[in-house]
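What follows is a single structure, written as structure tokens, with notes after it.
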Amino acid sequence: MEEVVFSSCFEGLVPSRPVEHLGKVDLSFSGKLHNPLIINEDGGESGCGGKVWIAGELLCEYLLEKSDNKHLLAGSFPGRNFGRVLELGSGTGLVGLCVGLINQANTYAEGQVFISDIDNLMSLMESNIKVNALDGAVHAEVLWWGTPLPDIFVTNPVDLVLAADCVYLEAAFPLLEKTLLDLTDGDQPPVILMTYKKRRKADKHFFQKIKKNFEVVEIKDFKKFDLYLKQRTHLFELIRQK
Ligand SMILES: C[S@@+](CC[C@H](N)C(=O)[O-])C[C@H]1O[C@@H](n2cnc3c(N)ncnc32)[C@H](O)[C@@H]1O
């Protein structure tokens, strides 16, 4: 399988994040996280995943708003257990690490979280697991979209898939689609939550294509919906159709 690397990401498409997105940032999400998330960014040195993007922030906001102090996403999927969570294209690990902190604060959580990306991002993700003291609860895995899933996700499927800002380059659309299909192949497919920043018209090809196999439902019932809409940033649930 050909590996497609998108290290330059949005070069020429969107402005870079400002230089203050280098080094370490503390994110408490308006105090919702008692222990703020600490994220080391490398300013893009290891690829576009080396910094935090707004779609990742949206997904964290949503997960924090809809989780209570007992269960992850209790407000959106009451009674559903999200013991195993996988984030695709994690970059810094922001979203998966946020889930790790939510789980840590939860009374009943024994969840395992996997943050994944291409090889280049592993050391940044591992440093972010450490700096948030989430070793043992959050694990960094290499997962190239379009390649066979690592065994740990085949033998023990995940309950929740998260993907923030992973729809941005047409060459990667079929690869990402294949990974989403592989992850939802079983009898009890995981919930998929995807955030997306609209930049180019071509992105609609991804959503048109996946509609053959997934119902794409926009989620609007969260507090900062209007704020993110102004930034052309959206949240979807992808529901596997069989
Ligand atoms: C725009 S960044 C988003 C990073 C992070 N989710 C966030 O919201 O801050 C897109 C991520 O997708 C990853 N990515 C791109 N192509 C990939 C591929 N073929 N397989 C796995 N990950 C890929 C990049 O390395 C990068 O970390």
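Every residue, every condition in (1) assigned to a loop (DSSP other than H, G, I, E, B); (2) within 24 Å of E41 (Cβ to Cβ); (3) away from the ligand (no atom under 12 Å from the Cβ); (4) of a type outside the set (V, I, T), yes or no:
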position	(1), (2), (3), (4)
N103	no, yes, yes, yes
L121	no, yes, no, yes
N128	no, yes, no, yes
C166	yes, yes, no, yes
A172	no, yes, no, yes
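Count of segment 28-60 residues, restricted to those that are of a type outside the set (G, A, S) and either open to solvent by 20 Å² or more (accessible area, probe 1.4 Å) or away from the ligand (no atom under 13 Å from the Cβ) (or both), is 15.
Note on segment 81-122: among residues that are over 11 Å from G49 (Cα atoms) and among the acidic types (D, E), the one that is modelled with the highest pLDDT is E87. Residues in segment 61-89 that are open to solvent by 10 Å² or more (accessible area, probe 1.4 Å) and within 16 Å of the ligand (Cβ to nearest atom): E61, L64, G89. For segment 172-198, the set of residues classified as more than 13 Å from W145 (Cβ to Cβ) and of a type in the set (D, E, K, R) consists of D185, D187, K197, K198, listed by residue number. Each residue in segment 146-164 was checked for being within 13 Å of the ligand (Cβ to nearest atom) and within 15 Å of the chain's Cα centre (by Cα), and 4 of them qualify. Considering the conditions (1) surrounded by 21 or more Cβ atoms within 10 Å (Cβ to Cβ); (2) in a helix (DSSP H, G or I); (3) among the hydrophobic types (A, V, I, L, M, F, W, C), V161 is excluded by exactly one of them, (2).
Within segment 174-227, how many residues turn out to be of a type outside the set (A, V, I, L, M, F, W, C) and within 12 Å of the ligand (Cβ to nearest atom)? Write out each step before concluding.
Our first condition is that a residue be of a type outside the set (A, V, I, L, M, F, W, C); within segment 174-227, this holds for 174, 177-179, 182, 184-190, 195-201, 203-205, 208-209, 211-213, 215, 218, 220-221, 223-224, 226.
In the following step, the residues that additionally are within 12 Å of the ligand (Cβ to nearest atom) were identified as 174, 177-179, 195-197, 199.
Looking only at that region, the number is 8.
The values are calculated or read from the model by the stated rules, or taken from the named source; none is laboratory data. Small disclaimer: the values here were computed from a predicted structure and weren't measured. In this analysis, Cβ positions are derived from the backbone assuming ideal geometry, glycine residues included, and neighbour counts consider all displayed protein chains. Heavy atoms of the whole protein, side chains included, go into the accessibility calculation; ligands, DNA and RNA do not. Shrake-Rupley method; radii C 1.70, N 1.55, O 1.52, S 1.80 Å.
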